[in-house]
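Beneath this line is the structure, given in structure tokens, with notes to follow.
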Amino acid sequence: MSSKIDSRSWLLLVTKLVAQQFPKWAHLEIKPVELSGIDNRTFRLGEEMLIRLPSAEDYALQVLKEQKWLEVLAPHLSFSIPKPLAMGQPSKHYPWNWSIYKWIEGESINALSIDDLDLQIIASQLAQFLNELHKIDVKGGPSPGLHNFWRGDHLSVYDTEVRSAIKELQGFIDARTTTSFWEKAISSRWNKSPVWIHGDFASGNILAKDGCVAAIIDFGCMGVGDPACDLVIAWTLLDNKSRRIFKSHLCLDPDTWTRASGWALWKALITMRDWKTTEVMKQQKIINEILNEKA
């Protein structure tokens with residue numbers, strides 16, 4: 001599928017797919033979700049369902065994984081997560097599997113003002129979710145790989161990309177300090193048994209109601225491995241006080257937090273590199289907080 005397909009064409013496509021593969025739902029209204037994301041094109045199906053179509057082949061690898069594992073994880077978690085209701089099949093109109101989920105009420109934290117959020121409560125709730133996730137049996141769970149862009153693997157998988165980004169951004173960041181910090185971040189490894197990870201534990205994948213966490217969505221990058229990648233939200237959403245609360249509720253060693261800050265640094269650097277004009281100040285702030293943070 002081309003990433004250049006316009007919104008109307010996506011709507012026509014999903015309408016045709018539902019009519020052909022799930023005729024019992026063909027009478028329901030289909031409309032785009034306002035914040036659809038990049039990995040998937042997302043549509044509301046009636047009042048109680050959601051359709052997600054991968055936008056590219058790399059993301060299509062995540063569909064079968066979500067269909068299999070979300071129902072395994074759900075009983076162990078206090079927060080709502082997506083519930084698969086059906087899986088669409090590849091066809092002549094669309095080459096990959098796709099999913100229909102139960103609709104979850106709530107607003108993406110990305111769409112809310114920080115003033116509308118109680119970050120201290122949210123920090124403790126996010127830690128609670130991760131603690132519950134880490135206790136779930138990982139038997140048979142997917143190891144890091146292309147399906148989740150190596151989330152849960154050793155941070156050094158992005159070493160070449162980070163060093164290249166640092167070189168490109170020398171006019172925006174302190175290259176020497178950033179490189180030194182990065183080298184420290186990749187110097188340790190997770191030395192315990194692998195745990196479940198969400199893989200894309202970001203504000204856009206957290207739904208809120210009344211200023212608190214209502215649900216965690218988009219488990220496409222889930223897997224089992226090092227939990228450090230799921231801690232990036234400490235710098236991308238939380239402030240100093242709520243970050244301390246988040247950390248205090250998670251029993252993780254200092255090396256894991258250093259790797260976590262390395263994941264956050266990687267994300268900030270590649271975002272600056274790719275979106276310099278719109279994101280530079282925000283990502284510079286994140287990088288400065290990472291580099292200047294006291295243990």
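Brief remarks on what is shown
- Sequence-distant residues sharing a close amide H with SER108 (under 5 Å, placed H): ALA208
- Over 28 Å apart at the Cα level, from the set LYS92/LYS209; LYS102/LYS139; LYS68/LYS241, are LYS92/LYS209; LYS68/LYS241.
- Measuring between their Cα centroids, the range 103-151 and the range 34-62 lie 18 Å from each other.
- The overall shape of the range 152-194, judged from the alpha-carbon gyration tensor, is prolate: a/c is not under 1.5, and a/b is greater than b/c.
- In the chain, a dipole from Cβ-located charges (positive for Lys and Arg, negative for Asp and Glu) runs towards its positive end, and of TRP257, GLY145, PRO84 it is GLY145 whose Cα lies farthest in that direction.
- Distance (nanometres) between label positions extended 7 Å along Cα→Cβ at LEU112 and GLU279: 2.3
- Dimensionless Rg/Rh of the range 7-102 - Kirkwood Rh, Rg from C-alpha atoms: 0.95
- Residue-by-residue Karplus 3J(HN,Hα) for the range 181-191, coefficients 6.51, -1.76, 1.60, Hz, glycine and proline x: 5, 4, 4, 5, 5, 8, 8, 10, 9, 5, 10
- Against the set [x] 1.12; [y] 0.95; [z] 0.97, the structure's computed Rg/Rh (Cα atoms, Kirkwood Rh) falls on [z].
- Taking packing as the residue-averaged number of other Cβ atoms within 10 angstrom, the listed peptides 191-199, 224-232 run from highest to lowest as 224-232, 191-199.
- Carbon/sulfur fraction of accessible area - the range 7-102, other protein chains in place, 1.4 Å, %: 53
- Residues in the range 159-173 carry Karplus couplings, in order, of 4, 4, 5, 5, 4, 5, 5, 4, 5, 5, 9, 4, x, 10, 10 Hz; the curve used is 6.51 cos²θ - 1.76 cosθ + 1.60 with θ = phi - 60°, and Gly or Pro positions show x.
- Rounded, prolate or oblate (a/c below 1.5 giving rounded, otherwise prolate when a/b exceeds b/c) for the range 40-81 by Cα gyration tensor: oblate
- Anisotropy class of the range 108-262 from Cα gyration tensor, a/c 1.5 cut: oblate
- Taking the Cα centre of the range 7-102 as reference, the dipole from Cβ charges on Lys and Arg (+1) and Asp and Glu (-1) amounts to some 240 debye.
- Using a probe radius of 1.4 angstrom, the carbon and sulfur fraction of the accessible surface of the range 107-292 is 49%.
- Average accessible surface area per residue within the chain, 1.4 Å rolling probe, Å²: 50
- Acute angle (nearest 10 degrees) that the helix 254-274 long axis makes with the longest principal axis of the chain, alpha-carbon atoms: 70
- Label point 7 Å beyond Cα of SER248 along Cβ direction - residues of the range 102-140 with amide nitrogen under 12 Å: 120-121, 124
- The distance between label points at LYS68 and THR160 comes to 2.8 nm (points 7 Å beyond Cα on the Cα→Cβ vector).
- Calculated FRET value between SER187 and MET87, using beta carbons and R₀ = 51 Å, to 0.05: 0.75
- Rounded to the nearest 20, the Cβ-based charge dipole of the chain about its Cα centre (Lys and Arg +1, Asp and Glu -1) stands at 440 debye.
The values are calculated or read from the model by the stated rules, or taken from the named source; none is laboratory data. Here the structure is a predicted model, which is why all the values come from computation and not from measurement. Here the Cβ is made from the backbone with ideal geometry for all residues, glycine too, and neighbour counts use every protein chain on show. Note: areas computed on protein heavy atoms with side chains; ligands, DNA, RNA excluded. Shrake-Rupley method; radii C 1.70, N 1.55, O 1.52, S 1.80 Å.
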